[in-house]
Each structure stands twice: as C-alpha cells, then as structure tokens.
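Student: I have a structure here, written as structure tokens, and I will follow up with some questions on it.
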Amino acid sequence: MFGKQNSKPQGRIDSLIGAGTSVTGDVTFTGGLRVDGEIKGDVRGAEGQPATLVISEHARIEGNITVSHLVINGTVIGGVHSSDFLELQTRARVTGDVEYSTIEIHLGAVIQGRLVHQGAAAKAVELKLAASN
C-alpha cells in the first residue's frame with residue numbers, strides 16, 4: 001500500500017534440519033533451508049545464488065552465517081551477513097556483528113553486537129574489487 005515494496009523472501013524451503021538434530025561442521029546450501037535443530041559450524045548459501053535461511057525459535061547456530069535472505073527467530077552465536085534481506089523476529093537472539101542491506105526487527109529481538117548497513121556503496125566496492133581480479 002502507498003508504494004511500499006514487499007522485500008521479504010518469497011522462496012520455498014528445500015531442506016530441513018529438524019528438531020533434535022545436531023550438525024557439527026560447515027553447511028553450504030542452495031534454495032531454502034529451515035533449521036529447527038542445532039548447527040555448530042558456519043552456514044552459507046552457495047556462491048552467486050540466492051539462498052533463504054529460516055532459523056526457528058527452537059534452533060541454535062554457533063558459527064557465522066552468510067546468505068542473501070535470512071529470517072531469525074532462534075539463537076545465533078556468530079557473525080551474520082545477509083546481502084539482501086534480514087528479518088529478526090520476536091525470539092531472535094544474536095550474539096555477534098550483523099551486516100545487512102535491508103532489515104526488519106520485531107519487538108523483542110535482541111542483538112549483542114554491531115549493526116552494519118551494507119548499502120549501494122559497499123556493493124559497488126565489492127563489484128570493483130571482483131572486477132579487478
């Protein structure tokens with residue numbers, strides 16, 4: 001309404017790490033991943049492909065997260081980098097720095113770390129650095 005764009009992720013969930021499941025090691029995925037269990041390791045979307053990660057209220061990730069679309073409603077201990085859209089829901093608990101392009105924070109979400117906006121200038125620098133390689 002009134003020209004507001006809906007930038008929330010509109011993808012489907014391809015994979016699930018269920019409640020009671022614990023993964024130790026890094027996880028790389030494409031498409032969509034929902035975590036209801038626990039991951040001890042870094043979680044990242046495949047390079048150059050859009051990826052959506054949903055962390056439920058009962059989930060816990062101890063490691064760095066790098067994805068384009070991210071929805072957090074659980075616990076993250078580590079750095080978070082969302083290149084497109086980040087939503088921190090009511091029960092989100094993040095201990096670490098958060099880098100984002102677009103962010104939505106619900107009442108009750110807690111961040112213990114820095115919030116760093118990665119706007120158009122940061123993306124231009126990344127593109128310039130990539131082109132020089």
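Bear in mind that the values in this text are calculations on the coordinates, not laboratory data. What you are looking at is a predicted structure, and each value in this text was computed from that prediction instead of being measured. We place every Cβ from the backbone using ideal geometry, glycine too, and count neighbours over all the protein chains shown.
Student: Using the Cβ atoms and a cut-off under 12 Å, what net charge is assigned to the surroundings of Y100, where Lys and Arg are +1 and Asp and Glu are -1?
Tutor: Values: positive: R114; negative: D84, E87, D97, E99, E104.
Spelling it out: positives minus negatives among the neighbours equals -4.
Student: Taking the mean number of other Cβ atoms within 10 Å as a proxy for protection, how do you rank 106-117, 42-53 from highest to lowest? Please report the intermediate quantities before stating the final value.
Tutor: Numbers: 106-117: 12.6, 42-53: 17.8.
With the highest mean Cβ count within 10 Å placed first, the list reads 42-53, 106-117.
Student: If you take every residue apart from D42 with its C-beta less than 15 Å away from the C-beta of D42, what net charge results, scoring Lys and Arg +1 and Asp and Glu -1? Write down the numbers at each step before the final one.
Tutor: Numbers: positive: K40, R44, R60; negative: D26, E38, E47, E62, D97, E99.
Charge balance near D42 sits at -3.
Student: Continuing with this model, one more query. Taking amide H atoms as placed 1.01 Å from N in the peptide plane, list the residues 5 or more away in sequence, or in a different chain, whose amide H sits under 5 Å from that of E87.
Tutor: Long-range HN contacts for E87: L70, V71, I72, E104.
Student: Let me ask another. Where a ≥ b ≥ c are the square roots of the eigenvalues of the C-alpha gyration tensor, would you call the range 15-132 rounded, which needs a/c under 1.5, or, failing that, prolate if a/b is larger than b/c, or oblate? Numbers along the way, then the final one.
Tutor: Details: a/c = 2.00, a/b = 1.35, b/c = 1.48.
The shape class here is oblate.
Student: Just need the relative contact order of the range 15-132 here, percent rounded to a whole number, with Cα pairs under 8 Å and 6+ apart.
Tutor: Values: 329 pairs, mean separation 17.8, N = 118.
Across the range 15-132, relative contact order equals 15 percent.
Student: With the crude spin-label approximation of a point 7 Å out along Cα→Cβ, what separation in nm comes out for V23 versus A46?
Tutor: Going by the 7 Å Cα→Cβ label model, 1.4 nm.
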